[in-house]
Structure formats: C-alpha cells, structure tokens
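Below: one structure, written as structure tokens.
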Amino acid sequence: MTSLKALSLGLAVATATTFTFAKPVAYQIDPTHTATVFSWNHFGFSTPSANFSDIQGTINVDNAKPSNSSVNVTIPLASLNTNVKALDDHLKTADFFDAAKYPNITFKSTKVQALGKNKYKITGDLTIKNITKPVVLNAVLNKQGEHPMTKAQAIGFNATTSFDRSAFGVGAYVPNVGDKITVNITTEASVPAQK
C-alpha cells in the first residue's frame, strides 16, 4: 500500500511538473484561411479597401502564461489586391510600397497581454519599406481545439489595428487620400503534422 501511495504521489508530481514546464504550442498560419484587409478614406467620398493573401507565419501560444505567447508574420506585397489592376500596380511602385525593393511587410510581437473574455492586446513591430514602428493588435480568440476537417490542433483569431501610413514612408497624396489605415485580420493556424 505504501508503495502504491508513493507511485501515485510520484505520478501526480510528474504530471504537475509537465504542465508547469509545458512549452508554448507553435501553430503555423494557414494562408488559405487568413486575410488582412485594409481600408482608407478617399477624398472624403468613400472608404475603399484592399487585401493581402498568401500570408505566412507562426503563432506561439502558451495557454498557461499568455505573456509567453508570440506572433511572427510575413505578408508578401505581391499578393496585394484592390480589385483594380491599375491601382494594384501603382501601389506597388516607389510612390507607395516600392515592392520591387521591399517585397514583404512583417509583424513581430514584442508583448502579449490577456485582457479576459478571450481578448488580447498584442504589441509588436510592424516593418514596411524597412521602417519599423510599434503597433497594437486588438485580438479576439475565436476558437482553439481539434479542427473537424484536418483533425490537427488549430486556433483562430480576429484582430484589428490602425496606424498612419506616412509613418512608414507610404504617404503619397496625404491628406486628400487618408493617412490613417484601418486593418482587419482573420486567421486560422494549426499544429503541423509530425513527419
């Protein structure tokens, strides 16, 4: 009986240790279920929008200690789509993003704060045209668990942010074309299958 108690106690300690020192789970972003849509004011008459696709990156999630979580994302400017080809081409020139010289936008988190009720404040460094500035993502955890189709462990978020594009060297036509850019993000990510 004593040995059985000792075994039970040992298992309990081992289990507690496993949970205490569990590493954050790395979820790989699914570019087919991820979109970044940004919008701006156009001479006060309308609020056009455009989107980026083929987004790559990793979301590291530590449920026990959210502050250990992180986000690292790369957005290819080649994927920019306004649904107007002439505008797409112009936005990729040196007047705006200069995509030939700076082909990607990146975001790397520097701090993650849990706000309760599945809400998070994610502070990070946004880099556009080799200019890096801090921005804050207001994120909501939509769901976390086994994906019903792929059976992989998955996670999904929505997030919003805004910033002045002129701060990143993309200030052509300000103030007639609005400086403030509003961004809406939705993403799914999953744990890659073990090879």
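The values are calculated or read from the model by the stated rules, or taken from the named source; none is laboratory data. Every value quoted in this text rests on a predicted model; they were computed, and no experiment measured them. As a convention, Cβ positions derive from the backbone with ideal geometry for all residues, glycine included, and neighbour counts pool all protein chains shown. We work out accessible area using only protein heavy atoms, side chains counted, and drop any ligands, DNA or RNA first. Shrake-Rupley method; radii C 1.70, N 1.55, O 1.52, S 1.80 Å.
For region 79-195, just list the percent of Cα-Cα distances falling in each 10 Å bin from zero outward, please.
12, 33, 31, 20, 4, 0
In percent, how large is the relative contact order of region 97-165, given Cα pairs closer than 8 Å and 6 or more residues apart?
On the way: 119 pairs, mean separation 15.9, N = 69.
Computed value for region 97-165: 23 percent relative contact order.
For helix 2-20, what angle does its Cα long axis make with the longest principal axis of the chain, in degrees from 0 to 90 and rounded to 10?
Once rounded, one gets 10 degrees.
At a 1.4 Å probe radius, carbon and sulfur cover how many percent of the accessible area of region 108-181?
Working: 2230 of 4280 Å².
The computed percentage sits at 52.
Please report the relative contact order for region 122-195, taking Cα pairs under 8 Å with a sequence separation of at least 6, and give it as a percent rounded to a whole number. Walk me through the intermediate numbers first.
Details: 122 pairs, mean separation 20.8, N = 74.
Reported as a whole number, the value is 28 percent.
Over the chain, calculate the relative contact order: mean separation of alpha carbon pairs under 8 Å at least 6 apart, over the residue count, as a percent. Could you put the intermediate results ahead of the total?
Numbers: 415 pairs, mean separation 42.2, N = 195.
Averaging sequence separation for qualifying contacts and normalising by length gives 22 percent for the chain.
What FRET efficiency would be calculated for the residue pair Thr82, Thr132, taking the C-beta separation as r and a Förster radius of 25 Å, to the nearest 0.05? Display every interim value, and only then the final one.
Numbers: r = 25 Å, r/R0 = 1.00.
The formula returns an efficiency of 0.50 here.
Only loop residues by DSSP count here, and only those with at most 15 other Cβ atoms within 10 Å; note down the chymotrypsin sites (Phe, Trp or Tyr not before Pro) in region 133-185 that meet that. Could you put the intermediate results ahead of the total?
Numbers: sites: Phe157, Phe163, Phe168, Tyr173; in loops: Tyr173.
Hits after loop and neighbour filter: Tyr173.
Please report, largest first and rounded to whole Å, the three semi-axes of the ellipsoid equivalent to the chain, where each semi-axis is the square root of five times an eigenvalue of the C-alpha gyration tensor.
On the way: eigenvalues 347, 55, 40 Å².
Square roots of five times the eigenvalues give 42, 17, 14 Å.
How much length, in nm to one decimal, is gained on full extension between Ala94 and Ala193, taken as 0.36 nm per residue of separation minus their Cα-Cα distance?
Numbers: separation 99, 0.36 × 99 = 35.64 nm, distance 4.06 nm.
So the extension gain works out to 31.6 nm.
Among the trypsin sites (Lys or Arg not before Pro) in region 93-155, which ones are in a DSSP loop with at most 15 other Cβ atoms within 10 Å of the Cβ? Mind listing them? Display every interim value, and only then the final one.
Details: sites: Lys101, Lys108, Lys111, Lys117, Lys119, Lys121, Lys129, Lys143, Lys151; in loops: Lys101, Lys117, Lys129, Lys151.
Qualifying residues, ordered by number: Lys101, Lys117, Lys151.
Under a Cβ-only charge scheme (Lys and Arg +1, Asp and Glu -1), can you give me the dipole magnitude of region 21-138 about the Cα centre, in debye to the nearest 20?
Numbers: 12 positive and 8 negative charges, 109 e Å.
Using Cβ point charges on Lys, Arg, Asp and Glu, region 21-138 gives about 520 debye.
So between Ala172 and Val25, what do we pick up on full extension, going 0.36 nm a residue minus the alpha carbon distance?
On the way: separation 147, 0.36 × 147 = 52.92 nm, distance 4.11 nm.
Extra length from Ala172 to Val25 when fully extended: 48.8 nm.
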